[in-house]
Each structure stands twice: as structure tokens, then as C-alpha cells.
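Enquirer: Pasting a structure here, questions to come.
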Amino acid sequence: MPLRRLLRVGLSSLLLMGGATGTIATSAGQAGASTSDGTLTVETLRDFFGTGVINTTMDVPQRGMKVDVTDPAGHHVNGVTDATGKVVVQPSDPSDPSDKGLSGGRYRVDVTVPAPYSDYLRAAPASTAANHFDSFTSFVDVSGGKDASVITGVWDAADYALPDSRYFVPVQNGGSGTDTRALVAFGTGARGNCPDKTACPDVLDTQDQVGTTFGLAYDKDRQRLFQAEFARRYTKYGPDGGDAIYTVPAGGGGAPKLFAKVPGASVTPHDTARLIKDAGFTDAPGKESIGGLALSEDGSTLYAVNLHSRSLVSFDATGAAASAPRATVPIPDPGCAASGDWRPFGLTTHDNTLYVGGVCDAESTQKRDDLKAVVYAYDGKRFTPVLTHALTDERGNVLSGDAAFPQAHFWNPWNGSLKDWDSFKVNGTMIDPQPELASMAFARDGSMVLGFRDRFMDIVSWGGLDPRPSNDDAENGMSGGDINMACAKPTGGYDWEGTGACPNHATPAVDGAEAPGVVEYFPGDFFPNGGSATQPGPHQESSLGSVAYIPQQQWVVSTQMDPTGNVITDGTGYYDITTGAGPGNDPAANAYQFIGPNQNGFGKAGGLGDIAYAAANAPIQIGNVVWYDGDHNGIQDAGQVLLPGATVNLLDADGKQVATTKTDADGEYYFGGVGADYQLTPGAKYTVQFDVCTADTSGVPGQPAADDLRFTLPRAGADRAHDSNVTPPTTGRLCSGQAPVTAPAKPGGVDHTIDAGVYIPKAKPPAPTPSPSASAPSPSTPPSTEPSTGPAPGGTNQGGGGPLASTGMADMGRILSLVALLLCAGAAAVYLGRRRRTRRH
């Protein structure tokens, strides 16, 4: 349950009662009533790397995790991590009799992931390296005023990517272009100009094979990409039409294959005989064919947006092809000025939820005030709006010097009407940015990066002909896309950039000399004049509308016009996720050009599709702890000693040793996980061999020889996180035992419940020697009855014999021996514990 103010730790000492004398003994190692416990801080961070080591720069606090703290007597206090990811357990006030809490100073801390977080989060891999995450079951010592901390990690394994991941981007080629590439791949570190200063991307498929595409989704389970057709004037569809989705091997070396068709997506044909004019296709972009693609986090379902029907179409993604959609669901109008103004487009998944982005295009009213962006979360049953923002803010100029033309520095209602065609020209250039929410990505803290494509650029090109029947003038379009941030609020919801707690990073020194009042989270979105970051160029909005973010990196990638400062080119720009600095600020470090001057016939009108990256299946991990079970109950109770130095071996299904390690100072061990020498196979059978004969027993009461350790009761209690997995051996070396294990089946899974508890068997007391009789019984007298060895139902010893029997004092020697034994055992049990390491921050 939620904490009331702060959890408090009681300071009452655990007392053991003696025999009939009424002696009270305070156990060794316990905090006295006059000594305060320290403060316990339990923190949960969201991990993105899976190394088991805390990353102070990248990890973010995780709210909503359940924390349970238990004392040696079995008392509990509970809490839930707050927006800082923490639960703080403060010492109690000994003078306040109403302040009841835990006692003893040595506690067990358990962290669990409750619903709804359990739909996507799980325990992150742990480690025995320095500055590591703690297990979900940990032990602390705050006795004597010591402070202690427990830092656990959670993660969504779907966030995982390898350090050498790659980006994938579709290339579009216009009627006057010469680019034959349709999908390219390149490393995340690619910068500079291709081919002058850096290598060009790998080509995965061509225009002849798939035509013009935009939507893209990476399938990490099958190492392939889904690639979808796209409606753009001046460039034709692929051989299977404008409703086709293809698959292509991510590593190259294979031809694309038709995967599925989106029924009814494509209506208007291209004028393939004269693509340089393509007059009849002017109104189709943004309204036909396929928008974004997204793959569910488990890889089972592919989602696509049918732009013509404004619907979400899903397919079974596990096969080589899908003959028909699994489902088609209308994406609801969020309240546009007219229902026909709703234009869904972008898709992404995050935390096991699908997000759908779109705009109210104001086409019916032609009023800028009716423009707005909307993002839905879709759980498979309903669409819930999570972000709505009016698109009425002033923006940077598409072309410097055009400040007198509002259409050049504001978003405009959708319009492709031939009767208004001349109004789209600003000083001879086709400029009329029309918003299309084409792409979305999520930052580590849940903030949303939004990529807006300029839909008008899909109606024009660079050098394409005027669509009007009597006019064949060549026209040049100039893109005015955007990249925006909606910052996640700790309490839920979002703040648009420049509002609430979401910063505005725009200043004249970093934003390309935009007008005062223009808000930019990403001020580096401008043309770097001649490649110089100190000479603001003519374009103050140069992103093309596709974004992606790999959580292990510091930058957001965006498709970009003139990324390195060379004119009429395209490529990618890289933006710092924290400061918003981008290609305009440092083109040499923040840009990659891979389409040369008007190589693809679109030039400054863009000519690139969405961005995907090669995610990876995260490694799995098993392990946890070896401990001294002083009370021999088979449960990891608070205050018990953890054993370092125990040798732990991992055997495969054939009995071959594939890994070995030793428990660390906290008794912990782990196999597998990111960076491990041996990677476990998901779902495979293993055996964990615990050789506690090598354990360091210096913390065990009496410091017994490790060879004398024996395994405790196996699988005791109801909680598998707190038991011992080893069935005690009966032959051979009794301090070496085994536990069978099935590795987690899902990528990124961890099983930190493979534990071994040990104890020292107690010596059996010698059999009692009968006391000699004072005198031999008379032959006529029957022998006295032996006293009962157990209590009668009433709880009193029953028996005949001498005069002491009726007082309950018979066999006083045995009773005193038993009392002494109990006192010694009690003192030893309470003594057990460990000194928790002091964590460095």
C-alpha cells in the first residue's frame, strides 16, 4: 500500500526468554533501544543497456514499483516508488509509542513490478561488477545508525539494440531522378558526405523491385524489414501496386517479396507515361496508399495505416506472407472541423502499446486555426487520445527573406487545388508547408519526439512540371517539415515544447536566426550555410519528417534536407536528445549526406521515407544468491548471512560445464546477460552446480569450516524468490549440490530465483543417563513409572515416582540443558546477518 508520509523503522530489540529463572538475554549484534537505525533508500531505475551496471547518464527513475521491507520477525512495511523512483524508509522515534514499524536493523527488501507496468517491464539483468543493480530480493543493514541503499533496475527488453546497430531509410526517385535505390542501410555512426568523405549506404532493394515506399518496420526475430508503398506525385508504385507491403532481408543478399496487400488503399493511378507531370495525381498524396508501419513488441502483429479509409490494418507478422488482414479498425475522428479533415498517418510502439498519430488538416475550412495534431494510444480495443496540440504556432522560415509571407513560416491547411496553384508560389518557389504527422519516437523518459512531413512536397518536386493542362513550366518545391518534442510529465500526460516543464532551447546563437518568439526544443533544425555552423543559412526548418531514437544513444535521427550544407541534397541529421543541438549547429558531427545534388529528382522537396533501426533480441540471465540459513527453515529471512566465495558452475543439458563464477561479497552470482562470455539459449535446460565447499564462512557464527556446510530444506514456502533450489545430496561431497534450471524463454528475460541455502547441522544431544535409586524397591513394590517425555494435552508434564514429579521439577538436569541450548541457538539466529555495502553515488 502507499506509504503514509515515510516508512519508519522501529528500534525495538528482539529478546529471548530464558527458563524458570526469568532471565532476559539481549542477542549479540542487535541494535539497542538507545541506538537509532539509519535511513534505507530503495530506488528503481529504468535500464536500457542490460549490463547490470547503473548508467547514471542514461537510466531514468521508474515510478509505480512495489517495495516490501521485512524484518527478522516477519513484520512488513510496504511502499510504491514515486516520480523520483524512490521509497525512503526513515528511522522511527523511540520516544513515540505510536510509531510502530520494523525492528532489528537488518532487513530483506523485495521489489516487484505490478500491473499495468508488468505488461512491459520486468527485472533488468543484474551484475556483480562495481556500481551494479541489486537483485529484486536484497538484504540491508541499517543498524547502529548506518544508512543503506538498494538500487534495482527494470527494463523493457524491446528497447534493446546492439552497439553496432544500423539505420534503414527508403529512397524515393522522381520523374527526373537517376537514383535506382529504394532502401538503404548504414551504421549509426555514419557522418559526412557520401562518397566524398564517408562510405555510401548499402542498397537492400531497388526502385524496379518495390517502387516508391515510405513505411518501414524492422523484424528482429526474422532479420527482415517490412516496406510499404507510398503515394507521391512524379514517382510510380512498385510492381504490385499502391496497396503492397514487401519484406526484404535486413542483411541484403535477397530479393524483396510481396508480404501483403492493404485492401482499398490505392485508387488513383499514376500517369506512368509522363511521370514528370503526373497531372492526375495532385490530390492523392496523404489521402491514398499506405502511411506508417509498426510491428508489435512481441513481433507477432504488423500494423499499417490505410490512408484512403483512415483505418488501422493488422496482419499476422510471423509468416512469409499474409493472405488477408487479421483486422481492420477505423481510426476515430478526434473532433476535426469536419470528419473528412482527419488524416491519420504515423505509427510506433512503445511499452507494449501502439501509438497512432495524425492531423486535422483544415482542408474543409481552409482556416489555420483548425489545424491540430493528435496522438492516440491503442490497446487493441480502444483508441485513447494522449496528446492534442494546435498547429498554429509560428515556425522558422522555409526560406529566409520570405517573412512577409505567412505561409512560409506557419503550417497551412491542406490544399492541392489547381485553382489555387499560383498562391503556392513564394518568390518563384513552391512553398506551402502542410502538416502530416508521419513519424514518432519515444525518449528514455517517455517523452515523445514528433516528425512532421510537409505533405505539399509530395505534390511537387524539384524540376517537375506544373500540373495544369496548359502549363508545362518546371517547378521547384522547398520542404518545410519539422521535428518537435512533447515532454512527458511525471504525473502523466505531456507538455509541448516551450510549455510547462518542456524547455524552449531557441536562442539567436543556436536556432539559425529565427524570429523572436519561435519556440524550438530542437533548435539545430536549420540549414548550415556552406557547412558552417556560424553562418545561418536560408532554411530555418530543414527536417523532412521522419524520426527514430535508439534509447542507448544520445541523439535522435531525422531525415534532413541539405544535411551537411551542400544544396539540393538529402540525408540524415542527428539531434542531441537533451539540448536539441543538431545539424545546423555542427554539420560535420551531426549530419550524413547520401543523396547528391538532385540525384533523386526531388532535391529540396525531400525524397526519403521513414527511418527504422536494427533492434536486437536481448540476452537472458539466471542467478542470484547463496546464503547461510541459520534457522534451517529454507527461507531467505531478513538478517541472515550471505556467503561470498562459493563456486558456481553452469552445466548444459549434456552435463558439460559452460561457465563458472564465484559469489561476490553479497553472495550473488549471475550467468548470461549483456556482455557475458557465455550466452544462454532461451528455453534451454541447464544445471547450476553450487560448490559451497569454497565459501568464505568468516561471517557465519562460529566460523565453521566450509566443508561442514550442508544444503537447507529445498523449495520451502510459497515464494520461489526466497527459497533454496538445491535438493541436498546424500552421497559424495555433501557441500556440493545441484539445481536444474530452464532458462527464460523470452528475450531479455531474467530468473534471479536460482538460490542455494546452507546450514550447519546441530549435534544431537547425548541420551540421558538414568539417576540411581536411593534404595532398592521392595520386592513387593511395583517399579515406578518412567516420566512422560512429552506434554500431556493440558500442557503439563505427567508422571509418577519421587516427590518432585508432582511439582514439574523432575529431571531438572535435562531441563536446564535444554534451556541453555535454546539460549545459544537463539543468540546465534539473531546474530546472523550481513553488513550491507555502502553504495557510492
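Enquirer: Putting +1 on Lys and Arg Cβ atoms and -1 on Asp and Glu Cβ atoms, find which of Gln553, Gly211, Thr491 reaches farthest to the positive end of the dipole of segment 175-613.
Expert: Comparing the listed Cα positions along the dipole, Gly211 ranks first.
Enquirer: Determine the calculated [θ] at 222 nm for the chain from helices alone, applying -39500 (n - 2.57) to every DSSP H run no shorter than 4 residues and normalising by the residue count; nearest 500 deg cm²/dmol.
Expert: That calculation yields -1000 deg cm²/dmol at 222 nm.
Enquirer: Further question on the same structure: Near the amide H of Thr348, under 5 Å away, which other amide H atoms are found, from residues 5 or more places off or on another chain, if H is placed in the peptide plane?
Expert: Tyr355
Enquirer: A follow-up question, please. What is the order of Thr663, Thr301, fewest Cβ neighbours within 10 Å to most? If you can, show how the numbers build up before the last one.
Expert: On the way: Thr663 28, Thr301 19.
Neighbour counts put them in this order, fewest first: Thr301, Thr663.
Enquirer: Which whole-Hz couplings ³J(HN,Hα) result when phi for each residue of segment 357-363 is put into the Karplus expression 6.51 cos²θ - 1.76 cosθ + 1.60, θ = phi - 60°, listed in order with x for Gly and Pro?
Expert: x, x, 9, 8, 8, 6, 5
Enquirer: I would also like to ask the following. Counting alpha carbon pairs within less than 8 Å and at least 6 residues apart, what relative contact order, in whole percent, applies to segment 595-746? Each step should come with its number before you reach the end.
Expert: Details: 303 pairs, mean separation 36.5, N = 152.
The value is 24 percent.
Enquirer: Using the number of other C-beta atoms within 10 angstrom as an exposure proxy, rank Lys662, Lys257, Lys762 with the fewest first. Don't skip to the end; give the middle numbers.
Expert: On the way: Lys662 16, Lys257 13, Lys762 10.
So the ranking, lowest neighbour count to highest, is Lys762, Lys257, Lys662.
Enquirer: Please work out whether segment 175-613 counts as rounded, prolate or oblate from its C-alpha gyration tensor, where a ≥ b ≥ c are the square roots of the eigenvalues and a/c under 1.5 means rounded, while otherwise a/b larger than b/c means prolate and anything else oblate?
Expert: In terms of gyration-tensor shape, rounded.
Enquirer: Mind ordering 463-470, 243-250, 549-556 by average Cβ neighbours within 10 Å, highest first?
Expert: The densest-packed peptide leads the list: 243-250, 549-556, 463-470.
Enquirer: Is the shape of segment 195-272 rounded, prolate or oblate, going by the alpha carbon gyration tensor and its root eigenvalues a ≥ b ≥ c, with a/c under 1.5 for rounded and a/b larger than b/c for prolate?
Expert: oblate
Enquirer: Relative contact order for the chain: what percent, with Cα pairs under 8 Å and sequence separation of 6 or more?
Expert: That works out to 11 percent.
Enquirer: Collect residues whose amide H, placed 1.01 Å from N in the peptide plane, falls under 5 Å from the amide H of Gly748; neighbours closer than 5 in sequence don't count.
Expert: Ala618, Ile620
Enquirer: Using modelled amide H (1.01 Å from N, peptide plane; none on Pro or chain starts), what sits under 5 Å from the amide H of Asp134, excluding residues fewer than 5 places away?
Expert: Ile151, Thr152, Gly153
Enquirer: Can you give me the distance in nm between label points at Thr731 and Thr365, each placed 7 Å from the Cα along the Cα-to-Cβ direction?
Expert: Label at Thr731, label at Thr365, 8.6 nm between them.
Enquirer: Tell me, what HN-Hα J-couplings in whole Hz come from the Karplus equation 6.51 cos²θ - 1.76 cosθ + 1.60 at θ = phi - 60° for each residue of segment 332-346, using x for Gly and Pro?
Expert: The phi angles translate into x, 5, x, x, 6, 4, 9, 4, x, 7, 7, 10, x, 8, x Hz.
Enquirer: Sorting Tyr107, Tyr678 on the 10 Å Cβ count, fewest up front, what's the list?
Expert: The fewest-first ordering by Cβ neighbours comes to Tyr678, Tyr107.
Enquirer: For the chain, find the longest principal axis of its Cα atoms and tell me its angle to the long axis of helix 812-831, 0 to 90°, nearest 10.
Expert: Result, in degrees: 20.
Enquirer: Also, quick follow-up: Rounded to the nearest 5, what is the percent of antiparallel bridges among the DSSP beta bridges in the chain?
Expert: Bridges in the chain are about 90 percent antiparallel.
Enquirer: What ³J(HN,Hα) values, in whole Hz, does the Karplus curve 6.51 cos²θ - 1.76 cosθ + 1.60 give for segment 471-479 when θ = phi - 60°, with x put for Gly and Pro?
Expert: With the stated coefficients, segment 471-479 comes to 9, 10, 5, 6, 10, 10, x, 10, 6 Hz.
Rule-based calculations on the coordinates, nothing more; no lab input. Please read these numbers as outputs of a predicted model, since none were measured by experiment. All Cβ positions, glycine included, derive from the backbone under ideal geometry; neighbour counts span all protein chains shown.
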